[in-house]
Amino acid sequence: MSEQDETAIQRATRQLENAAEYVEIDDDILRRLEHPQRTHKFTMPFERDDGTVDVVEAYRVQHDDVRGPYKGGLRYSPHVTQEECAGLGMWMTFKCAVADVPFGGAKGGVRIDPRELSDAEHERLTRRLTKSLRRYIGTNFDIPAPDMGTNARTMSWMMDTYSVYEDETVRGIVTGKSPDVGGVRGREEAPGIGVSIIAQRALEHYGYDVNDVTAAVQGYGSVGANAARHLDDAGADIVAVSDAEGAVVDHDGLPTYEIKSYEEKPSAVTEYDAPTITNDELLKLDVDVLIPAAIGGVITSENADEIAADIVVEGANGPTTSDADEILHERGVTVVPDILANAGGVTASYFEWLRGRNRRKWPKEKVMDELALEMNGSWEDVVEEHESLDGASWRDACYVVALKRLAKAYSERGMWP
Ligand code: GLU
């Protein structure tokens, strides 16, 4: 298999198998975790604004629920495939276990380019998708959330459509919805802020003073922009940020608030300044911290030798291919993996889910305080494991933390035929 052909599920499985070398785990449990529990595929008609009808493919892959209901995003992207959803769903299982939130893992999406959708089409597609999904999700069974190409509005429409079919308002059916309909303030920023919190812990661990740190951030969507701004607030210089067109660079530090995020204004980065380098060149900048926060599979064996950053903090899901991961590990580049670094989103989702259950308000300060507490707690758990494992990567250490929790749940509950 060539590296280009490595699917997300193959990458996730390889990571799981690598980490399994470091921990004694029942073979049956390992085999269980190598496969998703349920895979739903839908072909859905949906009407375009001009009256024509498109037929699009959608998936929901429910990977594992031993620790709690399936949880994970729904993405609208032209790259959505069953294999991608399966890999992303598996990562959610491990992410929720590292973050120690009481959820399993799932992921889904629609194969469509969200940039080609008008607002009305986005709404129609979302309502159609909810109709297809509604028998397979549930507040205690599978709780979707936003991901690439979807946002709070998408989730509010999903909640509304589901509620109309149920004849009652079911706030807990999705997370990441607008705070006006039961979301929590800060959920939107939480994935990026979580990335920054973990980046700061990693920097401290390796003896850096954040005030002397330079960082490059690929992707200026919700994850990238909020990570950049939070790290900027902490004292770091954000020397490069990018959108799909390319990257802007300022070695004295960019004004991270002045540059709008993709959600605030899609072409803001390249409107702020003409891009001077490509996205691939951004990855090779000589900075202290590199945060790939755009799409998967950007650090490959083609560029891994030229990554000049000391620490890579994965904001996106699956930005590093398996071959690149090995190269970076051999070169001594620290890679803090996605399943730890970007767990801020699902952690804030957990607060929102609790809000849906007990109706208690979650002021933004409380969300932020609890988010920091949870992220720092996960970091401590992973550091402890990393120190006890000889020569393991941070990714291995995260998987070992997760695997131990998953294995305990399986042995406690039992696996019956
Ligand atoms: N889509 C986000 C992720 O990849 C959040 C999932 C959630 O909140 O359920 O982690």
Label-point separation (nm) for residue 280 and residue 244, each offset 7 Å from Cα along Cα-to-Cβ?
1.9
Whole Å is fine, so just give me how far the alpha carbon centre of segment 81-117 lies from that of segment 239-314.
24
Where does segment 1-147 land on the Kirkwood hydrodynamic radius, alpha-carbon pairs, in angstrom?
16.1
Determine the relative contact order of the chain: mean sequence separation of Cα pairs under 8 Å and six or more apart, normalised by residue count, in whole percent.
16
Only residues of segment 140-161 count here: report those whose backbone N is under 13 Å from the spot 7 Å along Cα→Cβ of residue 38, or say none.
140-144
Residues whose modelled amide H sits under 5 Å from the amide H of residue 301, counting only those 5 or more places away in sequence or on another chain, are 324
Need one word for segment 224-263: rounded, prolate or oblate. Basis is the Cα gyration tensor (sqrt eigenvalues a ≥ b ≥ c); a/c below 1.5 gives rounded, then a/b vs b/c decides.
oblate
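Translational diffusion coefficient, Stokes-Einstein: compute it for segment 129-217 using the Kirkwood radius over C-alpha pairs as Rh, at 37 °C and 0.692 mPa s, and state it as an integer in µm² s⁻¹.
On the way: Rh = 15.2 Å.
For the chosen part, D equals 216 µm²/s.
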With label points set 7 Å from each Cα along the Cα-to-Cβ direction at residue 164 and residue 415, the distance between them in nm comes to 4.3
Local electrostatic count at residue 156 - Lys and Arg +1, Asp and Glu -1, tallied over other residues with Cβ under 13 Å
-1
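Starting from the Cα gyration tensor of the chain, take the square roots of the eigenvalues, sort them a ≥ b ≥ c, and report rounded, prolate or oblate (rounded when a/c is under 1.5, otherwise prolate if a/b is larger than b/c, else oblate).
Verdict is rounded for the chain.
Treating only the Cβ atoms of Lys and Arg (+1) and Asp and Glu (-1) as charged, compute the dipole magnitude of the chain about its Cα centre; round to the nearest 20 debye. List each step's numbers first, then the result.
On the way: 44 positive and 76 negative charges, 546 e Å.
So the magnitude is around 2620 debye.
Based on the alpha-carbon gyration tensor of segment 258-417 and its eigenvalue square roots a ≥ b ≥ c, which shape applies: rounded if a/c is under 1.5, prolate if not and a/b is larger than b/c, or oblate?
Details: a/c = 2.23, a/b = 1.20, b/c = 1.87.
Judged from the Cα gyration tensor, segment 258-417 comes out oblate (a/c at least 1.5, b/c at or above a/b).
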Placing +1 at every Lys and Arg Cβ and -1 at every Asp and Glu Cβ, with all other atoms neutral, what dipole size does segment 235-369 have around its Cα centre, in debye to the nearest 20?
1420
DSSP loop (so not H, G, I, E, B), at most 10 other Cβ within 10 Å: list which trypsin sites (Lys or Arg not before Pro) in segment 79-171 pass both filters.
135
Model label zone, residue 131; criterion: amide N under 17 Å from point 7 Å along Cα-to-beta-carbon; scope segment 146-179:
157-167
With 28 Å as the limit, write out which pairs from 41/364; 177/260; 41/177; 71/361; 71/366 have Cα-Cα distances beyond it, or answer none.
41/364
Per the charge dipole of the chain (beta-carbon charges, Lys/Arg positive, Asp/Glu negative, Cα centre), the residue among 322, 334, 406 reaching farthest to the positive end is 406
Could you give the nm distance between label points at residue 54 and residue 361, where each point is 7 Å from its Cα heading toward the beta carbon?
4.1
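Read-outs: derived from the displayed coordinates by stated rules, not from any lab. This is a predicted model, so every value here is computed, not measured. Because the Cβ atoms are built from the backbone with ideal geometry, glycine has one as well, and the counts that use them run over all protein chains shown.
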